[in-house]
Every structure is written in structure tokens, then in C-alpha cells.
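Values in this text are rule-based calculations from the coordinates and carry no lab data. These figures come from a predicted structure and were not determined experimentally. For neighbour counting, all protein chains shown are included, and Cβ atoms are generated from backbone atoms with ideal geometry for every residue, glycine included.
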Amino acid sequence: MTTKIYTPASKDEHLFFAKWLGVRIPDFNPNNVNCVVCYRNDKIACVFGYSNPHYNRVECAFAAADPRWATRANILTMLSPAFQNPNSGGVTAMIYRSNKKSRKFVEFAGFKHEGTMRSVTKDGRSMLIYGLTRKEYEELIVRFKGKETLDVFRQTFGLLANG
């Protein structure tokens, strides 16, 4: 079983994978979404999309065709482009309250529950807001991938050594 993380090279490729997300996530808008793709045995296993930088955070979405891709190392690798901007303080995920699998996934990935938006959808469903700060992300890198990987991450994106 081979797993490969891929970052699309063009806007058209990003749009293709964002539309793949949109098929799997109700109310997802694929416009202006950047993606990272995890292939498992040459098939799409997961797509991570991020967009809408607001305040110092970006919104994100995950959808998986094969849940076996989801190691902490793969998740951390897929999240890294969302933190490439030194002003990016974190990532936000909004999940339907009723979607227990997604809630469990983001909690496994290190996200923290930050709040609830009640009756926010057209049909009156509530959404939970989860967040992962840059500091928490970097602590997870050190914990699961090592300090050397954090140094490489910071060098790759031209970030200062102290964050």
C-alpha cells in the first residue's frame, strides 16, 4: 500500500479537486479553494481544501474515499500549506453537529471545539466550529514527526525559527 501526498500545480487542478470535495460535502463552495490530495494505491483517498482567509485563519474541509489514509503524519503533511503564510494563525473547520465521524476525525487531528452556530443552515441544522492554531499545529509536528520536521517546515515556507 503506497500513500502519496500531492499538491495540484494549476488553478484548473485545484478546481478539479475542489469539485471532488463539493460532491461529498453538502453546501461546499469549490470556488477559490486550494487543495492537497492524498493518493492511496494511485486512487484519491482524501482531499483537503482550504480557502477564505479571514482574520488570521483559513477555512478548511476534508473528504475521504478511503479512511485508511488518515495517519497523523499524513494529516499534518496535508495541513502544512494552510500554514505557509506567516500571518496564518490557524485553520477553522465547520462541521454539522450530527456528523459524528467528522467531529471524531478533526479531534483526532488535533482540532479543538471552539463554538456552535445554532440553526445556521437552510434546514435549521447547527454547525460546530473547530480550530487548530499554528502553535498547536507546530506542537503536533514535533510530537508526531520530530523537531527536525518542524525545522524543515519553517525553512520550506521561510518562517522565522521562533514562529
| message | Below 28 Å, Cα to Cα, which lysines can Lys11 reach? Residues fewer than 8 away in the same chain don't count. | response | Lys19, Lys43
| task | Subtract the Cα-Cα distance of Asn32 and Lys112 from 0.36 nm times their separation in residues, and report this length gain in nm to one decimal. | result | 26.2 nm
| remark: Cβ density ranking, 10 Å radius, fewest first, applied to Val23, Val47 yields Val23, Val47
| message | As a test of the definition: which semi-axes, in Å, follow for the stretch 1-76 when you take the square root of five times each eigenvalue of its alpha carbon gyration tensor? Largest first, please. | response | 20, 14, 12
| request: Taking Cβ-Cβ under 4.7 Å as the only way to count a partner, pick out the unpartnered cysteines of the chain. | output: Cys35, Cys60
| In terms of modelled amide H atoms, which long-range or inter-chain residues lie less than 5 Å from the amide H of Val120? | Arg125, Ser126, Met127
| For the chain, convex hull of alpha carbons as volume per residue, Å³ | 117
| request: Place the peptides 87-95, 74-82 in order of packing, highest mean first, counting for every residue the other Cβ atoms within 10 Å and averaging per peptide. | output: 74-82, 87-95
| said: Using Cβ counts within 10 Å as a stand-in for footprinting exposure, how do Thr133, Thr2 rank, fewest first? | reply: Thr2, Thr133
